[in-house]
Amino acid sequence: MEKITNRLRRDDGFTLVEALAALSLLSIAIILTVTPVLAGFDVLSDAKLATIASNLAQGRVEELRSLTYEEIGFPLGVPEGILQASETVMAHNIDFIVATDVKYFGSINAGENVVPQGGDGVEGLPDMGIDYKEVTVTVSHHAGAIRPVVMQTIVAPPNIAAHEGKANVIVELIKEEPATKPPSPVGYPQVVLVKDTAFYPFTGSPGQTQTFAGVPASETGATDYYYYARLGATQTSYEANGWRIHPADIDVETDRVHMGPTETATVPLRIYRPAEIVVELFDDTTLLPIVTNVDLTIDFEGTPHGFTELDPEWTGTGFVITELNGAPVVPGSYDMTATALGYSLETRLDVVVPEDYPADVVHEEAFYLEVSTDTFLEIQVVDASGSPISGASVTINPDFEAPFTLITDTNGYVDFSWATDGFDVVIDVTSPHGHQPATISIDDIQGINFRTVSLTAPPNTGVISFHEDQPDRVQYFRYRPDGGAPDDWTDAYPVGSTGEVSVTVTAGWWDVRKVCTALRPNGNPRTGDATVYVSTGGNVFWSSSTDCPKP
């Protein structure tokens, strides 16, 4: 026991080995504690530097966006502008290097960074993002303490165009087809841009969108012209690959475009597969064809078209209609009204033409009419000079049935009959050529009745009466105010075999033109032109001294 007590009371300390071991353990503990703390300080410092660099890069991008397109570039460089390629910027007492790079992006100009995918990033698709500028901003720490921060932006030119003196055209083809029928499997036709002295065919695979990049602008030096979207190399190339340009686009000239240098224009162009309408009229009792004094009215999109056995569409037993107002029939929804002298009238609404589209573009329609002979009415519509007005709308409103509309034939006539008599009828007449409308009434109508309705010109107007001795050689007549723009022309179609049509215009000088069916060697139609003066209340008869050749 004494030995143990004495050992506990000894004043001996730790040995040197024990002390060194303790110090080693303490050092390791301190290192393990301090190293992460110091590393954390480094991370916080790098994060601060990265944040500052990001802010500098974002600020430079915003600064660039405030500049004009022309200013984004380098003095005497490509692109040219006012920027510095590199500069040192101090932020929070730290130096950063801000570098700016500018390149053309998607340009078709030689030597200006042509990239296969273009500005839209889609290789093989025509890119209208021509001469975009791709700006890259790189911010680096002066000593390389952090990875550089890189930001990019794209700057568009005021006018997206190929280059000076050039322009771009995008043609969007729109298939005009019956809404209730499946689309035609026939592929899109190739579009050609046509001007007076040259033409530019689309070079890619024809599709709905066809792009013409870098064509000469419409205004170059002393010349000024329009581009026409056509389906061939001439201005009259309206049809190809089974498709036809919509006549309304030609009439209102949405098929053409005028472009100054550096401009891009889009042309929406409707196309359709021409249809044919075959109509026959039969006696519903004998089932024999009705072949005399027949009237057929076809209404398409609010415009009525009248046919009788005097028209070339008459085959002797019915009608074969391939054109309406000089253009091939457009597929769609039609209203049809058929009648004949001594027969009732039948109207069919919303007839889809052609019925078997797209497999067949020929539409057949048969009318079976009841005999109706108690009351007969014939009306002729003429102008103030007594010349017949073809294509006038005659709306007949009997007091016992719904009103209906007939269209005057080439001699200005319509006729109708009823299986009853002793009723009142109101007749409204309007002209497609600007004459004043007129209304007449017949009370207690019975037996055979003839009426002439004369349409006068409105106040301060006169009449131009076009005439052609060989109407089969003329497509149509045109008229516009003297010296008017190309957009000011209005077309007037001659009346069947008579070759006549009259139009009402304001008093003054007018340009008139005859457009022949025959074409010139360059594919454009032959024309005869003149300028005539129309006085208030006057009637000018005009027939060009230029004879149209045989088509």
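The values are calculated or read from the model by the stated rules, or taken from the named source; none is laboratory data. Please read these numbers as outputs of a predicted model, since none were measured by experiment. Here the Cβ positions follow ideal geometry from the backbone for every residue, glycine too, while neighbour counts run over all protein chains shown.
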Query raised in the report: What residue, among those in segment 482-516 that are surrounded by fewer than 19 Cβ atoms within 10 Å (Cβ to Cβ) and acidic (D, E), is modelled with the lowest pLDDT?
Result: D487
Report task. Determine the pairs where a residue that is more than 23 Å from T100 (Cα to Cα) and assigned by TED's automatic domain parsing to the domain that holds V89, located within segment 34-63, has a partner that is at pLDDT 85 or above and in a helix (DSSP H, G or I) with Cβ atoms under 8 Å apart, the partner being 6 or more residues away or on another chain. Result -> none
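Does segment 339-360 include one or more residues that are more than 16 Å from L406 (Cα to Cα) and touching a Leu at 6+ places or on another chain (Cβ under 7 Å)? Steps first, answer last, please.
In the first step, residues of segment 339-360 are kept if they are more than 16 Å from L406 (Cα to Cα); the result is 350-360.
Next cut, touching a Leu at 6+ places or on another chain (Cβ under 7 Å) only: none.
Scanning segment 339-360, I find no residue that is more than 16 Å from L406 (Cα to Cα) and touching a Leu at 6+ places or on another chain (Cβ under 7 Å), so the answer is no.
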Query raised in the report: Out of curiosity, is Y357 at pLDDT 95 or above and either among the basic types (K, R) or under 20 Å from S417 (Cβ atoms) (or both)?
Result: no
Query - Failed item, numbered, when H433 is tested on (1) part of a strand (DSSP E or B); (2) within 25 Å of E313 (Cα to Cα); (3) not polar (S, T, N, Q) - result: (1)
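Could you check segment 224-256 and list, in sequence order, the residues that are hydrophobic (A, V, I, L, M, F, W, C), without any contact (Cβ under 8 Å) to a residue 40 or more places away in the chain and farther than 19 Å from T211 by Cα? First the steps, then the outcome.
To start, the set of residues in segment 224-256 that are hydrophobic (A, V, I, L, M, F, W, C) comprises 229, 231, 233, 240, 243, 245, 248, 250, 252.
Applying the additional criterion that residues be without any contact (Cβ under 8 Å) to a residue 40 or more places away in the chain yields 245, 248, 252.
A248, V252 - these are the residues of segment 224-256 that are hydrophobic (A, V, I, L, M, F, W, C), without any contact (Cβ under 8 Å) to a residue 40 or more places away in the chain and farther than 19 Å from T211 by Cα.
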Report task. Please state which one of V186, V114, V137 is surrounded by fewer than 20 Cβ atoms within 10 Å (Cβ to Cβ) and at pLDDT 90 or above. Result -> V186
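Let's see how each residue does on (1) surrounded by fewer than 19 Cβ atoms within 10 Å (Cβ to Cβ); (2) farther than 29 Å from C548 by Cα; (3) within 37 Å of the chain's Cα centre (by Cα); (4) in contact (Cβ under 8 Å) with a residue 60 or more places away in the chain:
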{"site": "V425", "(1), (2), (3), (4)": "no, yes, no, no"}
{"site": "D443", "(1), (2), (3), (4)": "yes, yes, no, no"}
{"site": "V453", "(1), (2), (3), (4)": "no, yes, no, yes"}
{"site": "Q470", "(1), (2), (3), (4)": "yes, no, yes, yes"}
Query - Filter result (surrounded by 19 or more Cβ atoms within 10 Å (Cβ to Cβ), hydrophobic (A, V, I, L, M, F, W, C) and in a loop (DSSP other than H, G, I, E, B)) within segment 242-299 - result: M259, I290
Report task. Only residues that are among the hydroxyl-bearing types (S, T, Y), under 19 Å from D444 (Cα atoms) and assigned to a loop (DSSP other than H, G, I, E, B): list them for segment 398-423, please. Result -> T420
Query raised in the report: Which members of segment 308-332 meet the condition of being in a loop (DSSP other than H, G, I, E, B), aliphatic (A, V, I, L, M) and surrounded by fewer than 19 Cβ atoms within 10 Å (Cβ to Cβ)?
Result: L310
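Does segment 193-211 hold any residues that are in a strand (DSSP E or B) and over 18 Å from S237 (Cα atoms), and which are they?
Initial filter on segment 193-211 (in a strand (DSSP E or B)): 193-194, 199-201, 209-211.
Across segment 193-211, the qualifying residues are T209, T211.
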